[in-house]
Structure formats: C-alpha cells, structure tokens
Amino acid sequence: MKRDLLFIVESLLPLLDERSVALVARSLSIRAKQGESTGKLLTPFLRKADESALGKLMVRVVILLSAKTQPDGGKILRAAAQAYKVDTDAIAHKVKQEFAAKEKAKRVEPRPVTQIAKKAA
C-alpha cells in the first residue's frame, strides 16, 4: 500500500508548479534555503513517510491540482474546506485584521526626533 501511495504522490508532484510544491512542503514544515529546490527536499521525506502522511499529502496535491485546472477552482477549495471542517470565515477575518494592522502601521509616520544642541561654554 505504501509503495502505491508513494508512486501516486511522486507522479502527481511534478504536475504542480513550484509555488504549489512550496506550499505543500511548508504544510509539512519543510523549508528550502536560498537556491535549493523544494521538490528535492520533499523526496527524502516521501520515502520515509508512513501511509497516513502519504495519503494526506496526496489529498493536498489533488486539491491543488484540481483547483488549478478547473475553471472555478474556488468551489473545489470551498468544498474541501467544508469536508475537513475548516472555518474559512474565521480565517478570512483574521487575515483581514492582520492586513489592516500592517496598513495602519505603515500609515503611522515616525515622529521627528528633535535634537537639542548644547552650547559649548
């Protein structure tokens, strides 16, 4: 079974673009350094992973591929979120708050620092 899952995942990963592969790798806590390929870092992980991890990875890859290839990929992502009981409204609200906080921080201008010149006596 593991060999079958490994074969499917290794066959599907090259169909993803580099950005999607990086997204999958980040979900597995795999981070590529500057100049390294994320796909090359994923390969050793896949070989050591158990059936459960490979199955989860396969589901993620299929969701990303179907969202990329279907004309209305948003419906597929929403359906996947509902199937896995992900509260998309709460996530969207939190992201909006973070962007608003960043925008507010940009708008606040730094106060000019006044230097008091000491007169030499």
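Where a number appears in this text, it was derived from the coordinates with a stated rule and is not lab data. This is a predicted model, so every value here is computed, not measured. Virtual Cβ from ideal backbone geometry, glycine too; neighbours counted across all protein chains shown.
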Enter the angle in degrees (range 0 to 90, nearest 10) between the Cα long axis of helix 88-107 and the first principal axis of the Cα atoms of the chain, meaning the one along which they spread out most. 30
³J(HN,Hα) across the range 41-51 via Karplus (A = 6.51, B = -1.76, C = 1.60, θ = phi - 60°), whole Hz, x for Gly/Pro? 6, 6, 4, x, 5, 4, 5, 8, 5, 8, 4
Of (1) 0.98; (2) 1.02; (3) 1.27, which is the value of Rg/Rh (Cα atoms, Kirkwood Rh) derived from the coordinates here? (3)
Folded to 0 to 90 degrees: helix 73-83 orientation relative to the chain principal axis, Cα: 80
Cut-off 11 Å, label 7 Å out along Cα→Cβ of LEU15, residues of the range 59-99 by amide N: 61-70
Charge dipole magnitude, Cβ of K and R +1, D and E -1 - the chain, Cα centre, debye nearest 20: 760
Pair PHE7, ALA100: separation of 7 Å Cα→Cβ label points (nm): 5.3
Give me the extension gain from ASP87 to THR43: residue separation times 0.36 nm, minus the current Cα-Cα distance, reported in nm with one decimal. 12.7 nm
What trypsin sites (Lys or Arg not before Pro) in the range 1-68 are in a loop by DSSP, with at most 10 other Cβ atoms within 10 Å of the Cβ? LYS33
Under the Kirkwood approximation for Rh and a Cα-based Rg, what ratio Rg/Rh is obtained for the range 1-69? 0.94
